[in-house]
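Following: one structure in structure tokens, then a few remarks.
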């Protein structure tokens, strides 16, 4: 009978949890306590405490092998009292975790956030590392701040928004490029047609120019052939809308000179020199009700400029005013190439300081505590 009593007493001693009075001196000496029966790695717990204290806090961690009476929060508070009532004690039990803090650098919100993250730990070591990583906002062991390396929902939503916006801008950019390419291809086809027309006119006029005794006729004819040759070379090198516009202007010069040759051969005055097409101008701001209308009427009321008709022999009208025909096509392409789907240049910079944030001790000496039940 006595042997049975002694066996029961021995079993009770083995499973009895350490008391706050027993744990406090160990925490004061080394900052952590790992009781036999827990699955925590003492080395990992020590590293977590060192990381927390490196940030300036006075954190101590106790990992128990059995659930304390009243839960981990009551145990942490009683242990803090045994340690003099200053600092932070974090207790990990098999079922609950809890903390008590007074006069330390941590706020109630920071400790609650770290506790909530720690509740997902599968082992006692993970609970400690998640708590400290979230508390100091730095990786500890294999744990990341806020929950073991997983992205918080806020960051996930932000990533989706940014990715969606980037895809939309990319699609818009691709559409703009396709429109610009189509406009340039259309303009190239029109320029090529006009080059062929001018070449035919040059050939058709060659015999009449050679037999003419008007001094200005061969001079204008030679200038037209030179302008045509220049336009042809520019066309072969042109890749952008602005380069095609320059080609069209040289081609217009050749056409005007051929028109002048025809007019002189028929005893008519030479036609006026074609005007250079106007480049697109910035849109004027809308008029307010108090602003007087500009002299000359509203641009909406003014008819578009019609190119002046040039002299043409009734029997041959193969070439025509190239710039007047191509202006709309080329201007559209040039406007497309100047528009950027990314908005104005330059990069926006998110404000905020980098690196670890500095901490200051909490004002006052009011006791804070908190905790929760482990989720496993």
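Read the figures in this text as sums done on the coordinates, not as results from a lab. Given the structure is predicted, the values throughout are model-derived calculations rather than measurements. FYI the Cβ positions are ideal-geometry reconstructions off the backbone, even for glycines, and counts take in every protein chain you see.
Structure values in brief
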item: Mean separation of Cα contacts under 8 Å, 6 or more apart, over the residue count of segment 15-150: relative contact order %; result: 22 percent
item: Residue 216-residue 268 pseudo-label distance in nm [points 7 Å out on the Cα-to-Cβ vector]; result: 1.4 nm
item: Relative packing of peptides 50-56, 242-248, 118-124, 25-31 - highest average C-beta neighbours within 10 Å first; result: 242-248, 118-124, 50-56, 25-31
item: Antiparallel content of DSSP bridges confined to segment 15-150, in %, to 5; result: 45 percent
item: Cα-Cα separations in segment 181-234 greater than 17 Å, expressed as whole percent; result: 45 percent
item: Packing rank of 58-64, 125-131, 81-87, where each peptide gets the mean count of other beta carbons within 10 Å, highest leading; result: 125-131, 58-64, 81-87
item: Value of Rg/Rh across segment 41-102 [Cα atoms, Kirkwood radius]; result: 0.97
item: Spherically averaged projected area of segment 15-150 from its Cα convex hull (nm²); result: 6.9 nm²
item: For peptides 215-221, 96-102, 195-201, sequence by mean Cβ density within 10 Å, most packed first; result: 96-102, 195-201, 215-221
